[in-house]
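The values are calculated or read from the model by the stated rules, or taken from the named source; none is laboratory data. Because the structure is a prediction, the values reported are computed rather than measured. Cβ placement follows ideal geometry from the backbone for every residue including glycine, while neighbour counts extend to all protein chains displayed. All accessible areas refer to the heavy atoms of the entire protein, side chains included, with ligands and DNA or RNA removed. Shrake-Rupley method; radii C 1.70, N 1.55, O 1.52, S 1.80 Å.
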Amino acid sequence: MAVVRWAFELAESLLAERLPRRWAHTRGVAARAESLAPVLEDDAETLVAAAVLHDIGYAPVVAVTGFHPLDGARHLRTLPGVGERVVRLVANHSFAVLEAEERGLQEILAAEFPQLDEEFLVDALVYCDMTTTPDGSPTTSYARVEEILGRYGADSVVGRFIRRAAPAIHESVARVQGRVDAAGLTI
């Protein structure tokens, strides 16, 4: 779990002071990821590390393009010891490819950070992110999508993206919840 400890230290150094609400969300997403460990087995550490790092692209010292998944992944790529799977999960978290399309960055994102072909791991990060409020509390994916629309506006880049992504987000969350339920876990 050394990579997870390192991920927490990095994310805290980038987010805690300057973006405390984002840091609260990150801690909540990480807690959701930790709760999924029994259904992830060998991929638990990868998920938790990606959950902790998924929003570092918002940090002012990391933000370059203004598209946080791409900025965060580019920063992680420059650091020693960060696994490619973690970097690609960060780059593509929560259907970032759809927001990349809205921003004209889809080809760049796909070329630099191809999506992982590991559906459950990808779904698990969507679940963790999209069932956690900005303050780090658990919520439903439906409430989270509505919160994002309310915060950004339906006609903003993020609003257009989240409206397009919502069905896929809800499907991902349902697949993860199905596996959690089948394992007899309470999250």
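Only residues that are surrounded by fewer than 23 Cβ atoms within 10 Å (Cβ to Cβ), in contact (Cβ under 8 Å) with a residue 24 or more places away in the chain and of a type in the set (Gly, Ala, Ser) were counted in the range 110-140, giving 2.
Please verify whether Glu107 is in contact (Cβ under 8 Å) with a residue 60 or more places away in the chain and of a type in the set (D, E, K, R), treating the condition exactly as stated. Considered against the rule, which asks whether it is in contact (Cβ under 8 Å) with a residue 60 or more places away in the chain and of a type in the set (D, E, K, R), Glu107 comes out as no. For the range 64-119, give me each residue that is closer than 20 Å to Leu47 by Cα and of a type in the set (Phe, Trp, Tyr). Phe95, Phe113 - these are the residues of the range 64-119 that are closer than 20 Å to Leu47 by Cα and of a type in the set (Phe, Trp, Tyr). When the range 65-102 is filtered for residues that are among the hydroxyl-bearing types (Ser, Thr, Tyr) and more than 16 Å from Gly159 (Cα to Cα), the ones remaining, listed by number, are Thr65, Thr78.
Restricting the first member to the range 160-177 and to residues that are touching a residue at least 40 places away in the same chain (Cβ under 8 Å) and more than 16 Å from Ala100 (Cβ to Cβ), and the second to residues that are in a helix (DSSP H, G or I) and open to solvent by less than 30 Å² (accessible area, probe 1.4 Å), the beta-carbon pairs closer than 6 Å and six or more apart or on different chains are Ser172/Asp123; Ser172/Val126; Val173/Tyr127; Val173/Ser141; Arg175/Asp123; Val176/Asp123; Val176/Ala124; Val176/Tyr127. Asp155 falls short on exactly one of the conditions (1) closer than 23 Å to Ala30 by Cα; (2) of a type outside the set (A, V, I, L, M, F, W, C); (3) part of a loop (DSSP other than H, G, I, E, B); (4) open to solvent by 70 Å² or more (accessible area, probe 1.4 Å), and that condition is (1). Within the range 173-187, being open to solvent by less than 30 Å² (accessible area, probe 1.4 Å) and under 15 Å from Thr139 (Cα atoms) holds for Val173, Val176. Summed over the range 77-120, the residues that are more than 19 Å from Ile56 (Cβ to Cβ), more than 17 Å from the chain's Cα centre (by Cα) and part of a loop (DSSP other than H, G, I, E, B) give a count of 1.
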